[in-house]
Amino acid sequence: MYRVDYEREDMVIRVPRRLVDAESLSRFLGDVTLRSLLESTEHVETARRMERQRRLDQIPKGIALLRNPDYNKGTAFTEEEKDALGIRGLVPPRVHTIQEQMARVLENIRRKPNDLEKYIFLISLQDRNKTLFYRVLLENIEELMPIVYTPTVGEACQEYGHIFRRPRGIFITPDDRGRIVSLLRNWPHKDIRIIVVTDGERILGLGDLGADGMGIPVGKLALYTACAGIHHSRTLPVTLDVGTDNEALLSDPLYIGVRRPRLRGEEYDALVDEFVMAVQHVFPGALIQFEDFANRNAFRLLQRYRHRVCCFNDDMQGTAAVTLAGLYAALRLTGGSLKDQTILFVGAGEAGLGAGELIVSAMIAEGALPEEARSRCWFMDSKGLIVRDRDDLSPHKRAFAHAHPLVADPAEAVASLRPTALIGVSGQPGVFDARVLKAMARVNDRPVVFALSNPTAKAECTAREAYEHTDGRVIFASGSPFEPFEYRGRTVRTGQGNNVYIFPGVGLGVITSGARQVTDEMFFVAAKTLAQMVLPEDLEAGMIFPRLSRIRDVSLRIALAVAHVAYRDGLATVPRPEDLEAHIRSLVYYPDYENYV
Ligand SMILES: O=C([O-])CC(=O)C(=O)O
Ligand SMILES: [Mg+2]
């Protein structure tokens with residue numbers, strides 16, 4: 001009798017005694033991928049050999065191997081592999097280690113004249129050799145995150161059709177109604193656990209980029225692998241290309257998407273619905289991350305699907321959690337409790353309102369009454385302060401409309417409301433001008449200012465401005481990174497309040513527990529965990545988020561907290577392992593070459 005470790009489950013397979021040779025055993029087991037044999041009687045060696053042979057059979061041979069990014073090792077194939085895989089002579093004689101290859105990659109990147117060229121180089125590496133790409137990214141995350149992610153990914157999306165080399169992910173258009181299942185089946189990998197989907201209508205703070213927004217799901221998923229160790233073959237980027245209202249793209253001959261105005265209304269909803277249902281069919285249980293949808297659709301889609309399928313909206317819930325974590329960490333510096341803070345959001349879209357709702361729940365958890373908690377969160381939109389008398393408010397905004405005269409100027413709103421924290425989620429660069437920042441400095445010893453709009457060029461103020469206009473008393477974070485700068489004789493490094501601290505860990509926790517749904521409670525524990533992981537020396541230096549170099553550890557802790565919630569709240573579909581942490585660790589992928597022979 002064999003006990004076979006088949007994917008995540010232990011399976012016991014009874015093998016008739018007559019199957020003594022590898023071939024008949026292999027036929028008997030059929031499609032079962034024999035990863036390892038834990039216990040067995042007389043067939044151990046046979047089965048091991050069979051497993052090795054099967055693995056070797058899967059690997060492309062000859063030139064096809066060098067062109068397959070899942071298997072390619074570039075100059076790192078061993079002498080044995082060169083013979084066994086038919087590539088002797090097709091690669092240079094010298095065998096390099098992955099460390100040597102990484103040095104070459106870094107040299108190439110650093111030689112590029114600008115960040116967009118670095119992006120193109122890195123994406124091309126992802127197309128050639130995934131192991132090396134993820135290893136370089138993981139080991140140089142502080143240097144490379146701003147390239148594969150915000151801000152450069154924003155620039156890449158703006159140029160997507162012009163720098164296009166190879167397709168990545170799945171594009172679904174209105175013409176695909178009725179056949180989305182078959183499109184998903186075209187994807188080469190079958191065990192998909194995480195899907196990031198966008199319709200490209202609100203790419204970062206850059207607006208409608210149509211199908212060129214595909215850079216975002218691709219970038220987010222690269223970070224799932226680098227930051228949380230979710231194997232890339234289990235991830236799938238998707239763009240619902242429903243057209244674009246961006247005239248410049250429509251008239252650009254190199255635009256890659258469907259040339260039509262955006263699909264709206266029932267037809268749009270039907271397309272999204274077919275997609276969501278097709279995912280349940282083809283990749284059951286996969287986590288769907290909605291990303292960079294415009295406000296008009298983001299709230300509605302989340303509402304519709306959050307209790308039906310495993311999904312979340314990163315811009316609402318991920319950003320909310322990172323904002324809450326930033327506030328908790330700031331409170332470690334200022335003292336006091338969350339429920340006593342007054343928070344002014346400038347911008348009342350999905351990011352701000354999502355954060356407002358999560359902060360309200362967190363205040364209630366600290367003992368505030370719901371009305372009290374809500375009254376501590378204020379919002380401004382393009383028309384000014386959100387107040388009761390306004391009759392132009394959506395229900396989501398109305399939930400935060402308080403009694404106050406309408407004020408259009410943020411500096412005046414600060415003077416009047418005396419917020420302890422000012423949070424920019426407006427996509428309006430420069431809206432936190434000297435007057436606003438000085439007003440914050442007048443009413444607070446340590447004003448908390450987050451400029452969360454992305455990419456960097458959309459930030460409400462720069463890190464330097466925040467320091468200069470508050471006599472250096474600010475506690476600052478931004479959604480996209482700012483370079484360290486000199487201020488009064490010291491180097492200031494500010495934290496990045498970006499949902500990248502949240503979504504990889506949440507995703508890992510959800511897929512390891514097989515959670516049926518993603519709940520607000522999961523984002524709440526993710527925020528708390530993140531805030532706790534900020535080191536005293538980070539805080540001392542003004543950093544309210546952990547260094548990015550610790551992101552794998554951060555993601556693991558968040559995954560553990562999220563999985564705990566899934567088990568506690570009866571949402572898990574995978575049996576609880578005895579040692580949850582060890583189990584999660586065992587699932588984490590570390591990019592390194594496998595020996596093929
Ligand atoms: O992608 C980022 O950097 C954060 C985010 O979700 C957004 O700005 O839409
Ligand atoms: Mg986003």
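The values are calculated or read from the model by the stated rules, or taken from the named source; none is laboratory data. The structure displayed is predicted, hence computed values, not measured ones. With ideal geometry, Cβ positions are generated from the backbone for all residues, glycine too; neighbour counts draw on all protein chains shown.
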Filter pass, Ile109 being touching a residue at least 12 places away in the same chain (Cβ under 8 Å), surrounded by 15 or more Cβ atoms within 10 Å (Cβ to Cβ) and assigned to a helix (DSSP H, G or I): yes
Tally, over the stretch 42-98, of residues that are under 19 Å from Gln126 (Cβ atoms) and assigned to a helix (DSSP H, G or I): 7
Index of the failed condition, Gly509 passing every other in (1) touching an Asp or Glu at 6+ places or on another chain (Cβ under 9 Å); (2) not in a loop (DSSP other than H, G, I, E, B): (1)
Qualifying residue in the stretch 290-302 (condition: in contact with a helix residue (DSSP H, G or I) (Cβ under 8 Å, 6 or more places away or on another chain), surrounded by fewer than 24 Cβ atoms within 10 Å (Cβ to Cβ) and polar (S, T, N, Q)): yes
Test set (1) in contact with a helix residue (DSSP H, G or I) (Cβ under 7 Å, 6 or more places away or on another chain); (2) surrounded by fewer than 16 Cβ atoms within 10 Å (Cβ to Cβ) - Pro188 fails condition number: (1)
Pick from the stretch 85-103, criterion without any contact (Cβ under 8 Å) to a residue 40 or more places away in the chain and surrounded by 15 or more Cβ atoms within 10 Å (Cβ to Cβ), ranking: farthest from Glu142 (Cα to Cα): Gly86
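Each row is one residue, and each column tells you yes or no for (1) in the same structural domain as Ala563 (by TED's automatic domain parsing); (2) in a helix (DSSP H, G or I); (3) away from ligand 1 (no atom under 16 Å from the Cβ); (4) not aliphatic (A, V, I, L, M).
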{"position": "Val196", "(1), (2), (3), (4)": "no, no, no, no"}
{"position": "Glu201", "(1), (2), (3), (4)": "no, no, no, yes"}
{"position": "Gly205", "(1), (2), (3), (4)": "no, no, no, yes"}
{"position": "Asp208", "(1), (2), (3), (4)": "no, no, no, yes"}
{"position": "Met214", "(1), (2), (3), (4)": "no, yes, no, no"}
{"position": "Pro217", "(1), (2), (3), (4)": "no, yes, no, yes"}
{"position": "Lys220", "(1), (2), (3), (4)": "no, yes, no, yes"}
{"position": "Cys227", "(1), (2), (3), (4)": "no, yes, no, yes"}
{"position": "Val242", "(1), (2), (3), (4)": "no, no, yes, no"}
Test: residue in the stretch 481-489 that is buried (at least 24 other Cβ atoms within 10 Å of the Cβ), within 16 Å of ligand 2 (Cβ to nearest atom) and not assigned by TED's automatic domain parsing to the domain that holds Leu223: no
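Rundown of residues vs (1) at pLDDT below 95; (2) within 16 Å of the chain's Cα centre (by Cα); (3) assigned by TED's automatic domain parsing to the domain that holds Val387, yes/no style:
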residue: Gln303; (1), (2), (3): no, no, no
residue: Thr323; (1), (2), (3): no, yes, yes
residue: Lys339; (1), (2), (3): no, no, yes
residue: Leu344; (1), (2), (3): no, no, yes
Qualifying positions in the stretch 255-307 - part of a helix (DSSP H, G or I) and within 16 Å of ligand 1 (Cβ to nearest atom): Asn295, Arg296, Asn297, Ala298, Phe299, Leu301, Leu302
Residue in the stretch 451-461 that is assigned by TED's automatic domain parsing to the domain that holds Leu327, out of contact with any strand residue (DSSP E or B) (no Cβ under 8 Å at 6 or more places or on another chain) and without any contact (Cβ under 8 Å) to a residue 40 or more places away in the chain present: no
Of all residues in the stretch 125-163 being of a type in the set (D, E, K, R) and more than 16 Å from ligand 1 (Cβ to nearest atom), the one that is farthest from Leu254 (Cα to Cα): Glu139
Enumeration of residues in the stretch 479-501 that are out of contact with any Leu (no Cβ under 7 Å at 6 or more places or on another chain) and within 16 Å of ligand 1 (Cβ to nearest atom): Ser480, Pro481, Phe482, Thr494, Gly495, Gln496, Asn498, Asn499
Count of residues meeting criterion [touching an Asp or Glu at 6+ places or on another chain (Cβ under 7 Å) and more than 16 Å from ligand 2 (Cβ to nearest atom)] in the stretch 307-357: 5
Count - residues of the stretch 543-586 that are outside any loop (DSSP other than H, G, I, E, B) and either crowded, with 16+ Cβ neighbours inside 10 Å or of a type in the set (Ser, Thr, Tyr) (or both): 23
Single unsatisfied condition, Lys82 versus (1) touching a residue at least 60 places away in the same chain (Cβ under 8 Å); (2) over 16 Å from Arg128 (Cα atoms); (3) not polar (S, T, N, Q): (1)
Residue within the stretch 250-259 that is buried (at least 24 other Cβ atoms within 10 Å of the Cβ) and either more than 13 Å from ligand 2 (Cβ to nearest atom) or in contact (Cβ under 8 Å) with a residue 60 or more places away in the chain (or both) present: yes
Pairs with Cβ under 9 Å, 6+ apart, first in the stretch 319-341 and at positive phi, second of a type outside the set (Phe, Trp, Tyr) and more than 16 Å from ligand 2 (Cβ to nearest atom): Gly336/Thr420
